[in-house]
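Asker: Sharing a structure here in structure tokens format.
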Amino acid sequence: GPAPAPPPVPQAAALALADVLVTTDELDTTHDDSGRGVSAELNTGVVYLRGTRGAKAMVQSWRKAMLRQKGGKHLTENVNDQSLFNQVVSGGEVKDLQAWLRSRRAEGVAAPPDAFASLPGNYRRVHQTGSSHEPCLPGAGCAATTFTFGTLPV
């Protein structure tokens, strides 16, 4: 068959491997284009979830964070799904992209061997949580895992 088309932007191949993709509230397109860090609020208006243990772990952590607020006496308009999402989804840049690529393949994610071959110096990074989260419903007893996330361009 025909060769697969190249990604529309170099970082698309890397972002496509993340457990979670989300938009941001970044208004400065120059800063957004630089691809450095997550400085703006993550926006739950558009969230893509890959069917991985990591994405399930994020969803369960987000769900638990919302349940802890249920019936709270100190709820305000600033405690909502988006603010709680921002508390759950945080972490640092994935530094060893090749190790991460191998782990994605081990989990059954189709990852091309050259996914990171043409990344420019400034590209949209993939981040990984520093803490582990359980991907299953409470009481189901499963091993905790970290998850990765990326942001979509403005």
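Asker: Could you give the dipole magnitude of region 90-129 about its Cα centre, charging the beta-carbon of Lys and Arg +1 and that of Asp and Glu -1, in debye to the nearest 20?
Answerer: About 40 debye.
Asker: For the pair ALA117 and GLN98, how long in nm is the line joining their label points, each one 7 Å along Cα→Cβ?
Answerer: 1.5 nm
Asker: Suppose R0 equals 25 Å; then what is the FRET efficiency for LEU137 and GLU107 from their Cβ-Cβ distance, rounded to the nearest 0.05?
Answerer: Given R0 = 25 Å and the Cβ-Cβ separation, E is 0.80.
Asker: List, in order, the whole-Hz ³J(HN,Hα) value for each residue of region 56-63 obtained from phi through the Karplus relation with A = 6.51, B = -1.76, C = 1.60 and θ = phi - 60°; use x for Gly and Pro.
Answerer: These are the phi-based 3J(HN,Hα) values: 5, 5, 5, 4, 5, 5, 5, 4 Hz.
Asker: What list of ³J(HN,Hα) values in whole Hz, one per residue of region 14-27 in order, does the Karplus curve 6.51 cos²θ - 1.76 cosθ + 1.60 (θ = phi - 60°) give from phi, with Gly and Pro shown as x?
Answerer: 6, 4, 5, 8, 5, 5, 9, 10, 8, 7, 10, 9, 5, 9
Asker: Give the long-range amide H neighbours of THR23: residues separated by 5 or more places, or on another chain, with amide H under 5 Å away, using H modelled in the peptide plane at 1.01 Å from N.
Answerer: So THR23 has HN proximity to ASN43, VAL46, LEU152.
Asker: Now for a separate question. Let me check I've understood the local charge: for LEU67, count other residues with C-beta under 15 angstrom from its C-beta, Lys and Arg +1, Asp and Glu -1. What total comes out?
Answerer: Combined, the nearby Lys, Arg, Asp and Glu give +2.
Asker: Now, a different point. So, counting K/R as plus one and D/E as minus one, what does the shell of residues with Cβ under 12 Å around VAL88 add up to?
Answerer: +2
Asker: Follow-up question, since we're still on this one. Roughly speaking, what is the centre-to-centre gap between region 131-154 and region 39-98 when only Cα atoms are used, to the nearest Å?
Answerer: 10 Å
Asker: Just to verify a number: what accessible area does ARG102 come out at with the full protein assembly present, 1.4 Å probe, Å² rounded to tens?
Answerer: That residue has around 140 Å² of solvent-accessible surface.
The values are calculated or read from the model by the stated rules, or taken from the named source; none is laboratory data. The shown structure was predicted, so the numbers you read here are calculated from the model rather than taken from an experiment. So basically every Cβ, Gly included, is an ideal-geometry build from the backbone, and we count neighbours across all protein chains shown. When the accessible area is computed, the model is the full protein with side chains, heavy atoms only, and any ligands, DNA or RNA have been set aside. Shrake-Rupley method; radii C 1.70, N 1.55, O 1.52, S 1.80 Å.
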